[in-house]
Amino acid sequence: DAVTVVQNSVEDDNVSTPENGVDSVTGIEVTDEERDLLNIRDEEFEDDDIQPEVEPQLAVGIIVKQLIVAAKRHKSFGALFKLQAVQKYLELVLKYLNNPKIKNPRTRASKAVARAIGKGPYFARQIRHLKLYIEQFRTLPPTNSGKHHAHPSLLNNERVRHGVCQYLTVVALGEVSRHTEFLRSSRAY
């Protein structure tokens, strides 16, 4: 499988080599074959067999494969959907890069994958973004769900909060309510 071929540089600081069958970054078990592929040096890629721009695609392919195994283990279907889309994207990019007649192979590959799963151009851009993120951080980006509930409030201001607390300690019990405030404001007019 072309996607499971690997990373060319062990000297890169961002990449750790798996030892004892477990990747130190992701904690996922790595087969002996994948470990051998990760330990390939730059000198071995001097042939014209693999283009320099194809090599990073292959490294990300192994990371994506490991992340798919982890997503299946945790039954994370949203992450699994995105990871499988990235995996198919990487396979198509490898094919398209070897065909000189195809212009913009990455864009065309992501659009083809998005179209195949019933999504549009936005998801195609997301696939390319996910590939870059996985390449850099070796994981999927964190989700933004649940983060929009923290709306700004005047009580977040420490001075306002202190003033409100001070006012409530001075006011008699039961004196402050929306009903009494409404009656006071309606009498003023």
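The values are calculated or read from the model by the stated rules, or taken from the named source; none is laboratory data. As the structure is a computational prediction, the values presented were derived from the model and not from experiment. Glycine gets a Cβ as well: all are built from the backbone with ideal geometry, and neighbour counts include every protein chain shown. Each accessible area value is taken on the protein alone, full model and side chains, heavy atoms only, with ligands, DNA and RNA left out. Shrake-Rupley method; radii C 1.70, N 1.55, O 1.52, S 1.80 Å.
Going by the conditions given, is F182 more than 30 Å from F77 (Cα to Cα) and either modelled with pLDDT under 90 or open to solvent by 100 Å² or more (accessible area, probe 1.4 Å) (or both)? Spell out how you get there, then give the answer.
Numbers: more than 30 Å from F77 (Cα to Cα): yes; either modelled with pLDDT under 90 or open to solvent by 100 Å² or more (accessible area, probe 1.4 Å) (or both): yes.
Spelling it out, F182 is indeed more than 30 Å from F77 (Cα to Cα) and either modelled with pLDDT under 90 or open to solvent by 100 Å² or more (accessible area, probe 1.4 Å) (or both).
So which residues in the stretch 110-125 are in a helix (DSSP H, G or I) and either open to solvent by less than 60 Å² (accessible area, probe 1.4 Å) or over 28 Å from A71 (Cα atoms) (or both), if there are any at all? Walk me through it before giving the result.
Start the filter on the stretch 110-125 by keeping residues that are in a helix (DSSP H, G or I), which leaves 110-116, 121-125.
Answer for the stretch 110-125, where residues must be in a helix (DSSP H, G or I) and either open to solvent by less than 60 Å² (accessible area, probe 1.4 Å) or over 28 Å from A71 (Cα atoms) (or both): S110, A112, V113, A114, F123, A124.
If you go through the stretch 58-77, how many residues are free of Cβ contacts under 8 Å to residues at least 40 places away in the same chain, part of a helix (DSSP H, G or I) and either among the small types (G, A, S) or surrounded by 15 or more Cβ atoms within 10 Å (Cβ to Cβ) (or both)? Spell out how you get there, then give the answer.
Taking the stretch 58-77 as the starting set, the residues that turn out to be free of Cβ contacts under 8 Å to residues at least 40 places away in the same chain are 68, 71-77.
Applying the additional criterion that residues be part of a helix (DSSP H, G or I) yields 68, 71-73, 77.
This time we only want the ones that are either among the small types (G, A, S) or surrounded by 15 or more Cβ atoms within 10 Å (Cβ to Cβ) (or both), so: 68, 71.
Adding up the residues that qualify gives 2.
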Next item on the list: Select, from T139, T107, the only residue that is at pLDDT 85 or above, surrounded by 10 or more Cβ atoms within 10 Å (Cβ to Cβ), polar (S, T, N, Q) and not in a helix (DSSP H, G or I).
Entry: T139
Notebook entry, point to check: Can you pull out the residues in the stretch 148-168 that are among the hydroxyl-bearing types (S, T, Y) and assigned to a loop (DSSP other than H, G, I, E, B)?
Noted result: S153
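May I ask you to list the residues in the stretch 142-153 that are within 30 Å of K65 (Cβ to Cβ) and open to solvent by 100 Å² or more (accessible area, probe 1.4 Å)? Break it down stepwise before answering.
First, the residues of the stretch 142-153 that are within 30 Å of K65 (Cβ to Cβ): 142-147.
Of everything in the stretch 142-153, those that are within 30 Å of K65 (Cβ to Cβ) and open to solvent by 100 Å² or more (accessible area, probe 1.4 Å) turn out to be N144, K147.
Kindly establish whether Y133 is under 18 Å from I68 (Cβ atoms), free of Cβ contacts under 8 Å to residues at least 24 places away in the same chain and open to solvent by less than 90 Å² (accessible area, probe 1.4 Å). Show your work before the answer.
Numbers: under 18 Å from I68 (Cβ atoms): yes; free of Cβ contacts under 8 Å to residues at least 24 places away in the same chain: yes; open to solvent by less than 90 Å² (accessible area, probe 1.4 Å): yes.
In short, yes.
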